[in-house]
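The values are calculated or read from the model by the stated rules, or taken from the named source; none is laboratory data. Keep in mind the model is a prediction, meaning the values are calculated, not measured. Quick reminder, even Gly has a Cβ in these numbers, built from the backbone with ideal geometry, and neighbours come from all protein chains shown. Side chains are part of the model used for accessible areas, which takes the heavy atoms of the whole protein and leaves out ligands, DNA and RNA. Shrake-Rupley method; radii C 1.70, N 1.55, O 1.52, S 1.80 Å.
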Amino acid sequence: MACIKCGHCIAECPVGAISECEHIQHVLKALKDKSKHVVVQTAPSIRATLGEEFDMPPGSLVTGKMVAALRRCGFDKIFDTNLGAVMTIMEEASEFLKRLKTKKKFPMITTCCPAWIKFMEHFYHDLVPNMSTCKSPHEMLGVLVKEYYAKKANIPKKDIVVVSIMPCTAKKFESTRPELKSGVDYVLTTRETARLIRGFNIDFKNIKDE
């Protein structure tokens, strides 16, 4: 059976025998290293799911609490992956118009989901040329942080560590694909993020929004 790295097996395992490949220790090491400027970005869905890990009603929007908690964990900057999504949409629109002029490689298929990409690579080789050449939103933002933000903040690129908080384990795999030249160093899932926050003894439910 070909694995597409989606993590569905982890969610469905009835006895908890399967777990994600954790990046928490790598993130903690970066947070303790005073020579590193650690940036975290959060996917839009995290703000609506993280609360469940702290016994809040499903769907509770915890954006302010999440930001406050991540600051207390020691992250230097917190970005919203929505910015990367906007950049991805702009780039995909530009690519679509170019393809429209040449009338080649249609339909154009988005590459925002790394599990979907793996699925096509395994089972639908004929559709690979139809895939967009654009990076996914968190990868797009990772590059922006390492290049644009690094110059704006006058911080050497080598001293910036980018951590993505994502809803899917496939994002971990995506950040390791050598051909992508990823700007993302580590990826945490929602569950890992909750464990990280608990590790700092943060009272998430009662923390003041920021």
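Extension gain for Lys32 to Trp116 (0.36 nm times residue separation, less C-alpha to C-alpha distance): 26.7 nm. Excluding ligands, DNA and RNA, the accessible surface per residue across the range 80-161 is 60 Å² with a 1.4 Å probe. With the simple spin-label model, which puts each label point 7 Å out from Cα in the Cβ direction, the Tyr148 to Arg177 separation comes to 2.2 nm. Top mean-square fluctuation among Val187, Val145, Val128, Gaussian network model of the chain, C-alpha springs under 10 Å? Greatest mean-square fluctuation among the candidates belongs to Val128. Apolar share of the accessible surface for the range 58-210: 60 percent from carbon plus sulfur atoms, 1.4 Å probe. Measure nothing fancy, just the Cα-based angle from helix 114-123's long axis to the longest principal axis of the chain, in degrees from 0 to 90, nearest 10. The helix 114-123 is inclined about 40 degrees to the chain. Under 10 Å, Cα contacts only: if you run a Gaussian network model on the chain, which one of Pro129, Pro156, Pro14 comes out with the highest mean-square fluctuation? Fluctuation is largest for Pro14. For the residues Ser19, Ser94, a 1.4 Å probe over the protein chains yields an accessible-area ranking, largest first, of Ser19, Ser94. Classify the range 124-210 from the C-alpha gyration tensor, please: rounded if a/c falls under 1.5, else prolate or oblate depending on whether a/b exceeds b/c. In terms of gyration-tensor shape, oblate. Per residue, the solvent-accessible area of the range 6-47 (1.4 Å probe, heavy atoms of protein chains only, all protein chains present) comes to 59 Å². Each label point was placed 7 Å from the Cα along the Cα-to-Cβ direction; for Ala93 and Met131 their separation is 2.5 nm. Take Ile4: with every protein chain present and a 1.4 Å probe, its accessible area is about 40 Å². Amide hydrogen proximity for His37: with H placed 1.01 Å from N in the peptide plane, the residues at 5 or more positions away or on another chain lying under 5 Å are Ile160, Val161.
Among Asp159, Asp76, Asp55, the largest mean-square fluctuation in a Gaussian network model of the chain, built with springs joining Cα atoms closer than 10 Å, belongs to Asp55.
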